[in-house]
Amino acid sequence: MNKDAIMNVLHRGTEVEGSIVVNGSVRIDGKLKGKVKASEKIVIGQTGIIDGDLKAKEVNLSGRCKGTISAENLIVFQSTAEFDGDVKCKKLVVEEGVIVDGSITMRENRGKVAQGKPKEG
């Protein structure tokens, strides 16, 4: 089985309140109030609305989310995404048109800032 295949889907029109824990990846096109934790990838489609926290290796947001997104590797905000909260990741992609209001942390070791003089030019 392809490890990138999404086997768990919360369809449009479905509303859930609570926590979801997935071994693998999950796609959400409905509404969720709570937390989502996936071992691989979380995809929030254009019709997806999340009020809660997301945690996975990779998160791809096209819908709306209010909360904290934590990704071991990559977070992608598609052009239709709206996000209000905190982001923690190593890599971040933000397409034109995204609405983001919150804080972004991309350092693994907080507090360590590169030392040295800025280049004069």
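The residue pairs whose first member lies in region 8-22 and is surrounded by 11 or more Cβ atoms within 10 Å (Cβ to Cβ), whose second member is at pLDDT 90 or above and acidic (Asp, Glu), and whose beta carbons are closer than 6 Å, counting only pairs six or more residues apart or on different chains, are 11/29; 12/29. Please verify whether residue 87 is outside any loop (DSSP other than H, G, I, E, B) and either under 23 Å from residue 22 (Cα atoms) or modelled with pLDDT of 95 or more (or both), treating the condition exactly as stated. Considered against the rule, which asks whether it is outside any loop (DSSP other than H, G, I, E, B) and either under 23 Å from residue 22 (Cα atoms) or modelled with pLDDT of 95 or more (or both), residue 87 comes out as yes. Do we have any residue at all in region 14-21 that's in contact with a Leu (Cβ under 7 Å, 6 or more places away or on another chain) and either aromatic (Phe, Trp, Tyr) or closer than 19 Å to residue 104 by Cα (or both)? No, the conditions are met nowhere in region 14-21.
To keep it simple, each residue is scored yes or no on (1) out of contact with any Asp or Glu (no Cβ under 9 Å at 6 or more places or on another chain); (2) within 19 Å of residue 8 (Cβ to Cβ); (3) not in a strand (DSSP E or B).
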| residue | (1), (2), (3) |
| --- | --- |
| 46 | no, yes, yes |
| 50 | yes, yes, no |
| 66 | no, no, no |
| 69 | no, yes, no |
| 73 | no, no, no |
| 80 | no, no, yes |
| 83 | no, no, no |
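Of all the criteria given as (1) at pLDDT below 95; (2) in a loop (DSSP other than H, G, I, E, B), the one not satisfied by residue 16 is (2). Looking only at residues that are among the polar types (S, T, N, Q) and buried (at least 19 other Cβ atoms within 10 Å of the Cβ) in region 53-77, which one is nearest to the chain's Cα centre (by Cα)? Applying the filter and picking the extreme gives 60.
Quickly run through region 20-37 and pick out the residues that are touching an Asp or Glu at 6+ places or on another chain (Cβ under 9 Å) and either more than 17 Å from residue 73 (Cβ to Cβ) or in a strand (DSSP E or B) (or both). If the condition is that a residue be touching an Asp or Glu at 6+ places or on another chain (Cβ under 9 Å) and either more than 17 Å from residue 73 (Cβ to Cβ) or in a strand (DSSP E or B) (or both), then 22, 23, 26, 30, 31, 32, 33, 34, 35, 36, 37 are the ones that fit.
Residue-level check: of (1) in a strand (DSSP E or B); (2) acidic (Asp, Glu); (3) surrounded by fewer than 17 Cβ atoms within 10 Å (Cβ to Cβ), residue 96 misses just (1).
The values are calculated or read from the model by the stated rules, or taken from the named source; none is laboratory data. Remember, predicted model here, so these are calculated numbers, not experimental data. Neighbour counts are summed over all protein chains in view; Cβ atoms, including those assigned to glycine, are modelled from backbone coordinates with ideal geometry.
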